[in-house]
Amino acid sequence: MACRLADSVFLFTGPHQNPVRIQRLAAHFSLGISSLKWDDILQKGVKRRRFLKANRRTRFVQAVAVPVSPFPLDTAEYREQLAETYGFKQIGEPLPDNVTLRDVIESLPKEVFEIDDVKSWKSVLISVTSYALGLYMISKAPWYLLPLAWAWTGTAVTGFFVIGHDCAHKSFSRNKLVEDIVGTLAFLPLIYPYEPWRFKHDRHHAKTNMLFEDTAWHPVWEEEFNSSRALRKAIIFGYGPFRPWMSIAHWLILHFDLKKFRPNEVNRVKISLACVFAFMFIGWPLIIYKTGIIGWIKFWLMPWLGYHFWMSTFTMVHHTAPHIPFKNSDEWNAAQAQLNGTVHCDYPCWIEILCHDINVHIPHHISPRIPSYNLRAAHKSIQKTWGKYLNEAMWNWRLMKTIMTMCHVYDEENNYVAFDQLAPEESQPIGFLKKVMPDYA
């Protein structure tokens, strides 16, 4: 199917996904020219448009000023154009409805599911060593080098989270008591309660990109956005410039309220909360006693904020893009959500090492039982068998700009509508991001 472009273009990501409307493209949009002007694309964002399912009439793409040849939407050229626009290396073609998650799992080599105790404890050694090095760097660095020391230490302590993440998925050790102990201890420097997070995270995997049930990133609801001016302002800042730290709100809201857990979960939740509060009431005073309030900020708070930067960034990049839909439970497809709706993103090598390849995320969503040290082997297998369906990116400015300035309020037909479409007079933070964030990848 193709579409017609006058002042706007409707971009369809596949026969089972909704169109994304991109306003006022650059003067040329053809098979022979692959440049889109970012400012023009973001100028008016995404608007509501009814998805025409009734017939399959052929339409044609025209430039604003220059007529061009028909542009078929489900082609490699089109997906390449869309990937360049959004900051992706590849946008996968839609996964057929008849492919099941079981099909994908059974295509993986059996060895990627095997737990290797040596490799598991090696990851612990890497994290402990790199975190200790970070603390040493903070203690010795002059003030102007502290941001570099904080960046390293915050990334290193994110590795602790990934170790606990493996423990929660029962992919760290064959001894489940060891997993619970290691997972709880790994989360302590982050003051993250292990069991509450585990329960919530299991639901994220079971309901990935399901509209109501997914417990990770959600689009904002329009009713919520319009409920009050104060809340609207907070949401605009939270999903705009503060988005790389929004996991702090997620951590605080979802993990400390016993009412949010099932009766059979409460006792384990209480144990985790007791451990976290013990760390806060014993560990924090010891840090302050030894180093003072400034020392607490230098050695704990700033690395903790660095961890939340990665926690937020990894999560939103994995599951947020204009072409990735959230689906109601009655139309949700597990294989499409986990394989086609999860993003693989490459980061600088040192980040991937310190964070134990958590960025290699598609195989983790195919099966959470794959240990982190086997994710790359699993991803290579998936690329060979299912490569044309994968969404892949390299972490870059354009990718972040797409997420932070376009992917905001849920729209049933277009996946997202940007804040500045619904409340342009109150969306100065989004306008600011459009001006200061580079357009290049």
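Only the Cβ atoms of Lys and Arg (+1) and of Asp and Glu (-1) were treated as charged; on that basis the dipole of region 244-308 about its Cα centre amounts to roughly 100 debye. Of the peptides 162-168, 350-356, the ranking by mean beta-carbon count within 10 Å, highest at the top, reads 162-168, 350-356. Summarising the label geometry, the points placed 7 Å from Cα in the beta-carbon direction at LEU125 and ALA206 lie 3.8 nm from one another. A Förster radius of 45 Å combined with the Cβ-Cβ distance from GLU426 to ILE293 puts the calculated FRET efficiency at roughly 0.80. Are there GluC sites (Glu not before Pro) in region 82-156 that DSSP puts in a loop and that have at most 16 other Cβ atoms within 10 Å, and which ones? For GluC sites (Glu not before Pro) across region 82-156 that sit outside H, G, I, E and B with at most 16 neighbouring Cβ atoms in 10 Å, the list reads GLU114. Annotation for region 121-182: trypsin sites (Lys or Arg not before Pro) lying in DSSP loop with at most 12 further Cβ atoms inside 10 Å of their Cβ are ARG174. For the peptides 94-100, 363-369, the ranking by mean Cβ contacts within 10 Å, running from highest to lowest, is 363-369, 94-100.
Region 215-287 and region 408-429 have their alpha-carbon centroids 23 Å apart.
No value in this document is a laboratory result; all are computed from the given coordinates. Here the structure is a predicted model, which means the values were calculated and not measured. As a convention, Cβ positions derive from the backbone with ideal geometry for all residues, glycine included, and neighbour counts pool all protein chains shown.
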